[in-house]
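Before any comments, here is the structure.
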Amino acid sequence: MTGSHPGKPPTPAPLTGPAAPCWVNLMTRDLRAAQEFYGAVLGWTFRPGKLGQEFSVARRGDVPVAGIGAVATAYRVAVVWTPYFAVTDADAAASRIRERSGTVAVGPMALGKGRGALAADRDGAVFGIWERTEPATSPPAPDDHSHAWLRLHTRNAFDAAIFYGQVLDWASGRPGCCEVSYEKDEVIVECDGRRLVRISSGAVEAAPDPLVRPHWQVHFPVDDVAATVAAAREHGGSLVEQRALAQGTTATLLDPDGGLFTVTDVRGLTADGG
């Protein structure tokens, strides 16, 4: 997903910025089982989170890359990977979501070093917002790629771009805001000239297939997609879809609890952005 333009070397794309994606979080049912699976498949280690015993922070080396919380049952939500977007005012952003026919399911409330809320857009795709209230202390993303990339599969990409643009102040002209462009019937969101999000049309709200319903798809960069798929299968996951990129491959997987995620060959990100 995120990457540099074709023909150019990869550039860093940290999930930062006033309205950029800032975090990804897995809502699951069994924290220990999720840690065992993602530790084996993606090589992550885990430390307890500050939100209680049902939360942990996944790390690649010393760098935090994702959160996992065993809260799907408590909040009566699906097991799902969810992106969180940075906002300057969580209350104002939550109001904008409601005003535009979205739904705020939880919050805004204290969340880590800030305040956050769990929401859904008007087509049902789940996402979060987060306002930082304390200084950042985590190391930055690696120099050659970010921790995760995002793709929104939605009913109408242009309608969705208007919704998120108004909620998150994309293309507002504010310093550091994300910019929106159009490429081959997709909406591309960039921050500081780096691609962070693609938005694609064609999702169907009532479809039984989770790949067809509107949803945010979280991509994780890996060095070897085939080995990652094999590890996922060995530890109780399953392959949903695999396709070739101009360089490398990408594969969409289900974890044993039903969480959908995608792994993308780092080489492919420099060619067609996943």
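The values are calculated or read from the model by the stated rules, or taken from the named source; none is laboratory data. What you are looking at is a predicted structure, and each value in this text was computed from that prediction instead of being measured. As a convention, Cβ positions derive from the backbone with ideal geometry for all residues, glycine included, and neighbour counts pool all protein chains shown. Protein only, heavy atoms only, side chains kept; ligands, DNA and RNA dropped before computing areas. Shrake-Rupley method; radii C 1.70, N 1.55, O 1.52, S 1.80 Å.
Some points to look at:
- Candidate set: the stretch 84-101, residues that are over 18 Å from the mean Cα position of the chain (by Cα) and within 15 Å of residue 132 (Cβ to Cβ); chosen: the one most open to solvent (accessible area, probe 1.4 Å): 88
- Any hit, the stretch 211-219, residues being open to solvent by 70 Å² or more (accessible area, probe 1.4 Å), within 21 Å of residue 258 (Cβ to Cβ) and of a type in the set (S, T, N, Q): no
- Test: residue in the stretch 163-170 that is touching a Phe, Trp or Tyr at 6+ places or on another chain (Cβ under 6 Å), at pLDDT 80 or above and either under 20 Å from residue 80 (Cα atoms) or surrounded by fewer than 14 Cβ atoms within 10 Å (Cβ to Cβ) (or both): no
- Comparison of 181, 172 shows that the only residue that is hydroxyl-bearing (Ser, Thr, Tyr) and either closer than 26 Å to residue 79 by Cα or in a loop (DSSP other than H, G, I, E, B) (or both) is 172.
- Of the candidates 151, 122, 155, 195, the single residue that is among the charged types (D, E, K, R), modelled with pLDDT of 90 or more and open to solvent by less than 50 Å² (accessible area, probe 1.4 Å) is 151.
- First in the stretch 92-115 and farther than 13 Å from residue 164 by Cα and touching a residue at least 24 places away in the same chain (Cβ under 8 Å), second anywhere and of a type outside the set (S, T, N, Q) and part of a helix (DSSP H, G or I), Cβ under 7 Å, 6 or more apart: 115/90
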